[in-house]
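Below is one structure, written out as structure tokens, with a few remarks after it.
The values are calculated or read from the model by the stated rules, or taken from the named source; none is laboratory data. Just so you know, these numbers come straight off a predicted model, no measurement behind them. FYI the Cβ positions are ideal-geometry reconstructions off the backbone, even for glycines, and counts take in every protein chain you see.
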Amino acid sequence: MPQYVVRDQAASSRLAMKKKFFIKTFGCQMNKSDSLIMAQILMDHGFLPAASRDKADIFVVNTCTVRAHAENRALAYISGLRNWKQKVGRVLAVAGCLAQDRANDISRKLGFVDLILGPDSYRKIGDYVAHIIEANTKIIDTKLGNETYHGIYQSISQVSGFVSIMRGCSNYCSYCVVPYVRGRARSRPADDIQHEIMHLTERGVKDITLLGQNVNEYNYGNVDFADLLMRLSKVQKSLRLRFLTSHPKDFDKKTVQVIKKHPNICEWFHLPLQSGNNRVLELMNRQYTKEKYYTLIDYIRGEIPNASITTDIIVGFPSETEEEFQETVALVKKIKFDDAYTYRYSTRPGTKASHLPSLDDPTILRRLSELIETQNKITKEKAEQMKGKEYEILIEGPARGHASRGKTRGNKDVVVEERIEPGTITNVLIKDVKGHTPIGEVVDKDT
Ligand code: SAM
Ligand code: SF4
């Protein structure tokens, strides 16, 4: 069996023609966007997309390691590919955060993997795959650097897309592995972002989410995040723009004002709270207090009354007491988030918090269900409040059991019992709510 080698030298792509690739993505929107970047690079090298992994010669598994559960799922999935790999000539690549973090383990324990790529090495995926096909070798590249994938524009055919505006993170929240596996924060040139957005709008994309681990830290030359938003809002008046993820410590009033003044920037704010207790927030190294967080929400709602505010919360951080957890529950009830992603704390080796003693599982799970139940009631209440009101939705496609599914400006899914062309922006009147899903009826179509 050939050994893995670390190399960055370009290889010939003449063998690429007619070979097909398939990409399976685990994890967050950033990974989904990265998979599209890899797909574009592979196509630029002459590889063709396959409809499934069974029809593919090259299979890329793009992995996540933010929580132990994500890591275990990806590892189990890759282990299950031993049979897929048995067909002669097939190339198996593992990319993403898990590949970055556990390259040696993967190469040792899953020897049938041919290519291991960290998040800053995708630019070379086409050359590497061609070289593996030609030389029957194995490659690991997990060097982290300044990569922003400038100049690579996705050619997608969906109506909603993602464009990354920065990569990496330098915040070092004490529980989080991202700064270690994605490197320090760096911003992509504003001109290049604008060009990709123009390229996507020409292909019919109607809704773009700008991505970064902390978009509020965006800074390239003299352009900060508010400036960037302002500039991008002018690319196409009908293009909906949104962004993910914001950090409460850096969200400034200037950005709120830009959103208020530009109708095509959606009034959706995903602002991870993580905890409603100041001692825990400090231990997490979040660099804001619950008072500062609340003041920011209050300011946003004062300026933009129909703002949709969603959040992330971690339950059971080491040493979190019952009283401290109840402060989180109380803050969730007070703020009434439109939605919340709730996670049980997961120890990530190498992070600062991994040295703190963990709480016991039953306590963490009980707290998690209490928080989920609290938020579910609020989410249901919010959906009920939509009844009788009109919302602008972008039709993204059909929904299970319904003719069409659309997304509001506040990032809420609405279903419609009428077949409507994906890409249509239409107003709907909310007639009913099933579970947490509002059911709309079209009142006006304009695109
Ligand atoms: N950069 C964003 C931020 O600051 O929120 C998102 C990063 S992370 C990929 C998404 C969410 O995962 C975080 O907001 C946090 O709630 C959660 N998360 C990160 N590390 C975690 C851990 N060790 N255990 C549980 N949840 C975690
Ligand atoms: Fe992780 Fe914190 Fe950076 Fe978000 S801001 S990616 S939670 S270190």
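So here's what we get for this one:
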read-out: Criterion violated by V414 - all others in (1) surrounded by 18 or more Cβ atoms within 10 Å (Cβ to Cβ); (2) among the hydrophobic types (A, V, I, L, M, F, W, C); (3) touching an Asp or Glu at 6+ places or on another chain (Cβ under 7 Å) satisfied; value: (3)
read-out: Qualifying positions in region 328-368 - among the charged types (D, E, K, R) and part of a helix (DSSP H, G or I); value: K333, K334, K352, D361, R366, R367
read-out: Tally, over region 150-172, of residues that are of a type outside the set (S, T, N, Q) and within 10 Å of ligand 1 (Cβ to nearest atom); value: 1
read-out: Residues that are touching a helix residue (DSSP H, G or I) at 6+ places or on another chain (Cβ under 9 Å) and over 18 Å from L356 (Cα atoms), drawn from region 276-295; value: G276, Q287, Y288, T289, K290, E291, Y293, Y294
read-out: Flag if G350 is within 16 Å of ligand 2 (Cβ to nearest atom) and loosely packed, with under 14 Cβ neighbours inside 10 Å; value: yes
read-out: Some residue of region 312-322 being part of a helix (DSSP H, G or I), buried (at least 19 other Cβ atoms within 10 Å of the Cβ) and aromatic (F, W, Y); value: no
read-out: Flag if K138 is over 25 Å from G423 (Cα atoms) and either away from ligand 1 (no atom under 16 Å from the Cβ) or at pLDDT below 95 (or both); value: yes
read-out: Pairs with Cβ under 8 Å, 6+ apart, first in region 42-55 and in a loop (DSSP other than H, G, I, E, B), second hydroxyl-bearing (S, T, Y) and surrounded by 15 or more Cβ atoms within 10 Å (Cβ to Cβ); value: H45/S13; G46/S13
read-out: Complete set of residues in region 173-214 that are closer than 19 Å to R409 by Cα and within 16 Å of ligand 1 (Cβ to nearest atom); value: T209, L210, L211
read-out: Test result for T148, of a type outside the set (F, W, Y), over 30 Å from E396 (Cα atoms) and in contact (Cβ under 8 Å) with a residue 24 or more places away in the chain; value: no
read-out: Candidate set from region 157-201 (those that are of a type in the set (K, R) and within 16 Å of ligand 2 (Cβ to nearest atom)); member that is surrounded by the most Cβ atoms within 10 Å (Cβ to Cβ); value: R167
read-out: Test result for R344, farther than 15 Å from L273 by Cβ and either in contact with a strand residue (DSSP E or B) (Cβ under 7 Å, 6 or more places away or on another chain) or crowded, with 17+ Cβ neighbours inside 10 Å (or both); value: yes
